[in-house]
Amino acid sequence: MDLYRKQDADEQIEDAVFSVTKLPILGENSQLQRRFLSQVKDGDSAEVEEMLTKHVHDVSFTIDCLDPCGRSVVELATIRGNQEMVETLLRHGADLGDSLLYAVDLEKEDIVTTLLSYPRTEGSEFSTDKGTPKESLFSSHVTPLLLAAHRNNYSILKLLLYHQCPLPIIGDVSGSTDHRAMLDYYRAVTSPSYILLTSQDPFETAFKLKEELNNIVSCLETGKREFQELSARLEEFTAELINFARCPKEVMTVLNAGDNMEDIAGLRMRQLQKAIEVGHKKFVAHNKCQELLNLQFYRRHHGVLYSTTWKKMLAFWICKVLTPVLALVYMVIPKAYLGEAIASPVVKFNMRSWSWLLFLTITILLNGDLESTEAYVLIGTYYCWVLGMVWEKVKEIWTASVDAWNKWDMLLLLCHVTAMGCFTGGIVAIQKDVNLLFNPGEWNPFFIGSYFLAIAVILSFARYMSMLMFSETIGPLLLSMYKMVVDIFRFIIVFLIIIVGFATALQRLYSSPRPDSDCLKEFYQARREQHQANNTNVNFTAEDFCYYGDFAHLHKSIFYLCWTLYGKFEFTDLDVTAPNAVQFPVVSIWLSRILFITYITTSIIIMLNILIAMMSDSFSSVSSDAEVEWRFARSREMLKYIPKGRTLPPPFNLIPSPKSGWYFLKWLVLICRGQKLQEKDEIELRQAHGKYKVTVKRLKARYLLAYRLHRDQAEG
């Protein structure tokens, strides 16, 4: 009985949902309605007009009938593109249904105009609720504006926005479990036509959307590819938009995003910095952005930019060798022509490169010797360099430089500062008590400092290696190497699980010998004698009498299995052959060999080949788009040197210069006359922002002209 009640309830629900009492379906209509639907499909407007006028008071006839597929007459006329028929039906009060959605989906602009001009009843203003209580081709969250944005139809989008058609609210889809609704929303808002129509600054809008998509991709476990494709479309859109800039001035205006280009910081390139932060690789790697970056990087040294490779290398090495002289000259005459030439980004890069190279040499020479004067001089030089690096990082953070909060740079400085603190504590302790030098404990500050210094040295060499990103040949190789390192870490996670499992299994087998082994008999005899003599002063274990082999210890087993990856193993190592070795059951001996062979097969033949395949895939992914990847990575490094300031490398940046005094006096003047200077800065900033708005409008207009030309050519 319960089963029958459940079936009756389900039938009642179906009757309520698919009720056709208000909207008759073709099968239940009169012959007149069949003829009416046939005339609408055939597009005979005159006959339809005559039928509607003649049977307007006929109770058995309704204009809102449906065909066998559940489509209304207005929807049928819309699908066939018959504008005259749509106008005729609307004049007689036909239900719109999903006709506007069909018109937008089929990109029939004339019918969309007709449907929008039709007066709508209150409460039905383009809501997501469909006009008819029937099954719809479109989901409940789909609106005409959403669909037009999916089609990237600029004309229809403009019409819908003019009539204030809504888009699903971001609060309705963000954080929602409806993956399709969220994807449809972002597919609409990332449409180039929608961005151009709704945003005054399409670049900033594209960067914000890219950041949102990055956050969504990082949170999703499935369905990432669709959002990644939307991110790629945004990158292509911004790259196409910047391509319409006709001169370097327009490109500079866009990259500075309305900042005053003549201020004290100068050339921050805020837009480019934002693009790098969110990962707009195609925009950053665009030829026009790269040309401007090169011009700014070789500022005051354009001759070097357009010289041959050998001349560039010679100029760079001369600059590196003369770094101490250039630093002293800049400290004395920073505002002179020579000082401005030294402040060029390319010279700053070469001086930084020299500083890092010398710093790495110092870390190599540090050997822990504290008995000679040269050792203390070397430690003091190391301290100066570390303090200079810390001061440089503080200035980077203060000026909001690109990549200022780089986690690897922070870890590098933390290790160096910790090592410096440990060395200082050790030296102070030795000065108080010289005996500490000859009786060091396990937690000696010099030991701890050496540990941190060892880690810092590795990070320092890796940091110096990133400066080679400027090389067109070495840069792509470094990118491939970075991706391969990530693959190795992923491989290690899986491999550790395998190696610990096999090591534990071998340790169990080698910890279970035969009880009748000769050495174990001696051990048991010694234990009985100790018990009989009631002697508890001497403690010994079975390992004092017996040799179990290296595999009986888990850590030794793990290390041995790790070395097998490099081919350092012998099957005879599985045998325990010492004079006092224990004996094992035959099954244990054969099982250990089977496990070892299984491990060799799994680790070397399968896992290592998987690792090689992963690394090959990473290399192929970088090689397939090597130029874009390399340009993006190089731009991140170049942008660290282009803004004014931070000219001197460590340790020269610790020396107070006349320029510092000049800025201090200027700061005092700013406090005393702050109001006038602030008003002047605001005026210049408004002018720069106005110039940026005009430039963006020009780019939008050129983009739309090209879009319309391409669309007209596609339509024939």
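The residues on offer are F559, F540, and the sole one that is at pLDDT below 80 and of a type in the set (F, W, Y) is F540. In the range 213-245, the qualifying residues are those that are modelled with pLDDT of 90 or more and part of a loop (DSSP other than H, G, I, E, B), and the one that is nearest to K691 (Cα to Cα) is A245. State yes or no: is S616 part of a helix (DSSP H, G or I) and surrounded by 17 or more Cβ atoms within 10 Å (Cβ to Cβ)? It is false that S616 is part of a helix (DSSP H, G or I) and surrounded by 17 or more Cβ atoms within 10 Å (Cβ to Cβ).
Pairs are defined by a Cβ separation below 6 Å, a sequence spacing of at least 6 or placement on different chains, a first member in the range 438-467 that is within 22 Å of M481 (Cα to Cα), and a second member that is at pLDDT 80 or above and hydroxyl-bearing (S, T, Y); the pairs so defined are V457/T363; M467/S353. Annotation: N367 fulfils all but one of (1) touching a Leu at 6+ places or on another chain (Cβ under 9 Å); (2) surrounded by 13 or more Cβ atoms within 10 Å (Cβ to Cβ); (3) without any contact (Cβ under 8 Å) to a residue 12 or more places away in the chain; (4) not in a helix (DSSP H, G or I); the unmet one is (2). When the test is whether a residue is within 28 Å of R636 (Cβ to Cβ), of a type in the set (F, W, Y), at pLDDT 90 or above and surrounded by fewer than 19 Cβ atoms within 10 Å (Cβ to Cβ), F461 passes it.
Residues in the range 66-92 that are without any contact (Cβ under 8 Å) to a residue 40 or more places away in the chain and in a loop (DSSP other than H, G, I, E, B) were compared, and the one that is nearest to V48 (Cα to Cα) is N82. Could you check how many residues of the range 377-409 are in a helix (DSSP H, G or I) and touching a residue at least 12 places away in the same chain (Cβ under 8 Å)? The total comes to 19.
Within the range 332-355, residues that are farther than 12 Å from K644 by Cα reach partners that are of a type in the set (A, V, I, L, M) with beta carbons closer than 6 Å, at six or more positions or on different chains, in the pairs G339/I333; S353/M467.
The values are calculated or read from the model by the stated rules, or taken from the named source; none is laboratory data. Quick caveat: nothing in here was measured; it's all calculated off a predicted structure. Here Cβ is always computed from backbone atoms with ideal geometry, including for glycine, and neighbour counts include all displayed protein chains.
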